[in-house]
Amino acid sequence: MGILTTVDLAIIAVFAALLLLYKVVRDWYGIREVPRRIDNQAADMLREEGYFVQARAAVKFIDFAIEGRRHRQKVKADLVVRRGLKKYVVEVNSKDGTSVRNADIRRRLLEYQIAFAPSGILMVDVDTGRTKLIVINNRRRLVTMLALAVALALGAVLYLLAR
């Protein structure tokens, strides 16, 4: 009972490979556009604050259907950064265009939340050097935790059946 068999090691390896694949696919930013010069300035500023720049001019797509017709919406983030285990989408502005009272900014924030599923959205004003953190409360983490619990339970059942 204390020694792992070849089947046990194979099952553990498969779960590890699936977890790694999920991490790679979840954060894949294969489509990128050319970043603006101001985005590079913001990236340098955030790097100094301890963030790791994961992607510049990252593009993701939101797929939806209206009356049965499929539509695809492109969502472009200026930057995607990480600090520890948390991922942030960065909206870079010069001037004072970072007010969430602006309807276009609010819509863009919601698009970022849906497309990138970040822990928060950083609004960076390069002219003043200020960074604002916006956190949108949603239930995506709860759903992710429930999916993880179901996967672990299924893995345990498969493990017991394979023994």
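The values are calculated or read from the model by the stated rules, or taken from the named source; none is laboratory data. Predicted model, so just to flag it, every value in this text is computed and none were measured. All Cβ positions, even for glycine, are placed from backbone atoms using ideal geometry, and neighbour counts span all protein chains on display.
A few comments on the model shown:
- Of the residues making up segment 105-136, those that are out of contact with any strand residue (DSSP E or B) (no Cβ under 6 Å at 6 or more places or on another chain), among the charged types (D, E, K, R) and surrounded by 11 or more Cβ atoms within 10 Å (Cβ to Cβ) are Arg106, Arg108, Asp127, Arg130.
- Number of residues in segment 61-93 that are farther than 20 Å from Ile134 by Cα and of a type outside the set (A, V, I, L, M, F, W, C) equals 9.
- Residue tally, condition within 15 Å of Val80 (Cβ to Cβ) and touching a helix residue (DSSP H, G or I) at 6+ places or on another chain (Cβ under 7 Å), over segment 123-133: 1
- Contacts under 7 angstrom Cβ, first residue in segment 137-158 being surrounded by 10 or more Cβ atoms within 10 Å (Cβ to Cβ), partner of a type in the set (Phe, Trp, Tyr) and modelled with pLDDT of 80 or more, 6 or more apart: Gly155/Phe15
- Long-range neighbours under 7 Å by Cβ, at least six apart or interchain, first residue under 16 Å from Val124 (Cβ atoms) within segment 63-82, second part of a loop (DSSP other than H, G, I, E, B): Lys76/Glu33; Val80/Tyr29; Val81/Tyr51; Arg82/Tyr51
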